[in-house]
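The values are calculated or read from the model by the stated rules, or taken from the named source; none is laboratory data. As the structure is a computational prediction, the values presented were derived from the model and not from experiment. Every residue, glycine as well, gets a Cβ built from its backbone with ideal geometry; the counts of neighbours run over all protein chains shown. Just the protein is used for accessible areas: all its heavy atoms, side chains included, with ligands, DNA and RNA removed. Shrake-Rupley method; radii C 1.70, N 1.55, O 1.52, S 1.80 Å.
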Amino acid sequence: MVRECFNYAGKVIVVEGGSSDRTAAAAAAAGALVVRDQGRGKGAALRLAVAQVDTPICVFVDADGSHDPIDIPMLVAPLKSGLADHVTGSRLLGGSDELHGGGDEFLRWPDRPSSLTSSTGAFTPAVGFPNGFRALRTDVFRTLDLRSRHTRSSSR
């Protein structure tokens, strides 16, 4: 997946959280900057990665292959045009693995309630909130006071 991401980015950062496979070595061999975080959680990994970003937009892609990097241009388009500061891919509207493979999208039915809840009071409905495929303006991300080690509620 690292090589595919290089089709859309000049720099790919892989945060490795203590896996026992060869993730770090494979990512480095593919040209990624590998940063280790000792398995402190996805929220901590996101903050660690953004500290290494030197571009105006950062894109997060889960490493499990559930997102296709070919969708990156569509994800960042609203940021580039100034229409958004943050764009989240949707597992509910048919993107990434729903279009390009899988069949496991049925198992993500719990995403629906959290997606609806996260849009309460918002002008634009949020869909697929727990989705790890997202793009943000780097400066906006750095102004957020994010502290959680996780990206989902503890009720899951």
Query raised in the report: Taking into account only those residues within segment 51-67 that are small (Gly, Ala, Ser) and surrounded by 15 or more Cβ atoms within 10 Å (Cβ to Cβ), which is farthest from Ala27 (Cα to Cα)?
Result: Ser66
Report task. Just name the residue that is least open to solvent (accessible area, probe 1.4 Å) out of those in segment 134-148 that are in contact (Cβ under 8 Å) with a residue 24 or more places away in the chain and β-branched (Val, Ile, Thr). Result -> Thr138
Requested in this report: Could you list, in sequence order, all residues of segment 68-82 that are β-branched (Val, Ile, Thr) and either open to solvent by less than 50 Å² (accessible area, probe 1.4 Å) or farther than 14 Å from Ala9 by Cα (or both)?
Outcome: Ile72, Val76
Query raised in the report: Which ones in segment 1-22 are crowded, with 18+ Cβ neighbours inside 10 Å and either without any contact (Cβ under 8 Å) to a residue 24 or more places away in the chain or farther than 25 Å from Arg142 by Cα (or both)?
Result: Met1, Val12, Glu16
Report task. Scan segment 68-82 residue by residue and report those that are small (Gly, Ala, Ser) and not in a helix (DSSP H, G or I). Result -> Ser81, Gly82
Query raised in the report: Within segment 39-50, can one find any residue that is surrounded by fewer than 20 Cβ atoms within 10 Å (Cβ to Cβ) and in contact with a helix residue (DSSP H, G or I) (Cβ under 7 Å, 6 or more places away or on another chain)?
Result: yes
Report summary line: All-but-one check, Ala28 against (1) open to solvent by 20 Å² or more (accessible area, probe 1.4 Å); (2) touching a Cys at 6+ places or on another chain (Cβ under 7 Å), failing number (2)
**Report entry** Odd one out for His86 among (1) surrounded by 13 or more Cβ atoms within 10 Å (Cβ to Cβ); (2) at pLDDT below 85
**Finding:** (2)
Report task. Would you tally the residues in segment 1-58 being under 20 Å from Asp85 (Cα atoms) and not in a loop (DSSP other than H, G, I, E, B)? Result -> 8
